[in-house]
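The values are calculated or read from the model by the stated rules, or taken from the named source; none is laboratory data. None of the values given here were measured: they were computed from a predicted structure. Reconstructed Cβ throughout: ideal geometry from the backbone, glycine too, with neighbour counts over all protein chains shown.
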Amino acid sequence: MTRVPAEKCTALQNDAVVTSTVSPPSPQSIARAAELLRAGRLVAFPTETVYGLGADAKNDRAVAAIFAAKARPRFNPLIVHVRGLTDAEALAVFDDRARRAVEQFWPGPLTVVLPRRSGCGLSLLACAGLDRVAIRAPAHPVAQALLGATGRPIAAPSANRSGRVSPTEASHVAEELGDRVALILDAGRTPVGLESTVLDLSEEAATLLRPGAVTLEQLGELLGPITTPATGPAKSPGMQASHYAPALPMRLDALDARLGEALLAFGPSVPRGFAQVLWLSRTGDLAEAAANLFAMLRHADRPCFTGIAVMPIPAHGLGHAINDRLRRAAAPRNS
Ligand code: TXA
Ligand code: MG
């Protein structure tokens, strides 16, 4: 995998050499990042899930720059990041159920969709014009420090080009968006590795819009039955069938080898004959597999292989979220 030097990164994009600043987190770099955000610039930062592409969530022009940088359709709203419940209540209307959910899982990888508070000042573009807002308090200390230093809510989708694999390392961000961001805070690999669970609590039925590290089982235990739309939920505009699309064809539940394929393996015994084996987890640990998934997908997605095969992943706990991402990576492309 391409590594990014600590200070200045050079990325090749559109045949042009471009530079962006990559900094390890320090009080100085976090203060600089906050200053850039307040000035309407884009900053990429680590969360416990994946790297986010951040902008001041109250600044329309800054939010528009996110959509432009990612080539993201404007109907697909962004998650607004805050330090915690107090900040969130200024932006969204919480009921008891929503409060219970975030008291249990914040700061952490849970996003809740709630009615947007009128006059809250959030960019309408961030919410794609909807009267609901998706909001979360990330647990990563660098994200928390940045939110504290900025003093504003930060709109941040995953810091990848729209439809591509989410970034779990600063180098992934630099490769795809290096020319579009003012600063990338590089805190190494993100520990969870999959994007947050998105739970819609804006209506009576609690609905899981995107599975993630906070599992359906955990949510059900706390809140009672959770609806899970069987097909790609129209309610979450970002949940298209095809996403995370690697350039190579993908084959799921693979138990045998085909010529030239790379294998994402799970568990100790692996079928023979693959061109390369990348272990999501040798011991069959779902948390380890989730943390490795996106980096290994990127690594396997190279022309030296003919395709990417993935061994079966158990469908419980975090396995739901992993299988969700794999199905969408393997789905026929939207365009
Ligand atoms: O872990 C994460 O959630 C990361 C980090 C950076 O926080 N962010 C992330 O953002 O994954 P993004 O934009 O890649 O995914 C946000 C998802 C999309 O599927 C979007 O459609 C959905 O949340 N979403 C955002 N606002 C919504 C809303 N108002 N109603 C329904 N779905 C919404
Ligand atoms: Mg994303």
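For this structure, a couple of remarks:
- Only a single item in (1) surrounded by 22 or more Cβ atoms within 10 Å (Cβ to Cβ); (2) hydrophobic (A, V, I, L, M, F, W, C); (3) away from ligand 2 (no atom under 16 Å from the Cβ) is not met by L53, and it is number (3).
- Scanning the range 150-168 for residues that are more than 10 Å from ligand 1 (Cβ to nearest atom) and either among the polar types (S, T, N, Q) or within 16 Å of T86 (Cα to Cα) (or both) yields T150, G151, R152, P153, T168.
- The numbered conditions (1) touching a Cys at 6+ places or on another chain (Cβ under 8 Å); (2) modelled with pLDDT of 95 or more are all true for A149 except (1).
- Taking each residue of the range 276-296 that is farther than 21 Å from T47 by Cα and looking for partners that are acidic (D, E) and not in a strand (DSSP E or B) with beta-carbon atoms closer than 7 Å, six or more apart or interchain, yields S281/E288.
- Restricted to the range 262-291, and to residues there that are part of a loop (DSSP other than H, G, I, E, B) and hydroxyl-bearing (S, T, Y), the residue that is surrounded by the fewest Cβ atoms within 10 Å (Cβ to Cβ) is S269.
- Conditions (1) touching a strand residue (DSSP E or B) at 6+ places or on another chain (Cβ under 7 Å); (2) under 25 Å from P73 (Cα atoms); (3) assigned to a helix (DSSP H, G or I): number failed by F294: (1)
- Residue-level check: of (1) in contact with a strand residue (DSSP E or B) (Cβ under 7 Å, 6 or more places away or on another chain); (2) assigned to a loop (DSSP other than H, G, I, E, B), A309 misses just (2).
- Tally, over the range 162-174, of residues that are part of a loop (DSSP other than H, G, I, E, B) and within 15 Å of ligand 2 (Cβ to nearest atom): 7
- Yes/no for L259 being more than 16 Å from L326 (Cα to Cα) and either among the polar types (S, T, N, Q) or free of Cβ contacts under 8 Å to residues at least 60 places away in the same chain (or both): yes
- So L147, is it under 21 Å from the mean Cα position of the chain (by Cα), more than 16 Å from ligand 2 (Cβ to nearest atom) and surrounded by 23 or more Cβ atoms within 10 Å (Cβ to Cβ): yes
- Within the range 37-53, residues that are within 15 Å of L78 (Cα to Cα) and free of Cβ contacts under 8 Å to residues at least 60 places away in the same chain reach no partner that is assigned to a helix (DSSP H, G or I) and within 13 Å of ligand 2 (Cβ to nearest atom) with beta carbons closer than 7 Å at six or more positions or on different chains.
- Residue that is nearest to ligand 2 (Cβ to nearest atom) [pool: residues in the range 151-161 that are more than 22 Å from G178 (Cβ to Cβ) and surrounded by fewer than 24 Cβ atoms within 10 Å (Cβ to Cβ)]: R152
- Condition met for A241 (of a type in the set (G, A, S), surrounded by 16 or more Cβ atoms within 10 Å (Cβ to Cβ), modelled with pLDDT under 95 and not in a helix (DSSP H, G or I)): no
- Selected residue [closer than 18 Å to K58 by Cβ and under 18 Å from the mean Cα position of the chain (by Cα)] from C127, C120: C127
- Filtering the range 24-50 to residues that are touching a Leu at 6+ places or on another chain (Cβ under 9 Å) and within 16 Å of ligand 2 (Cβ to nearest atom) leaves L42, A44, F45, P46, T49, V50.
- Boolean, V142 is outside any loop (DSSP other than H, G, I, E, B), more than 20 Å from K70 (Cβ to Cβ) and within 14 Å of ligand 1 (Cβ to nearest atom): yes
- Flag for V142 being β-branched (V, I, T) and surrounded by 24 or more Cβ atoms within 10 Å (Cβ to Cβ): no
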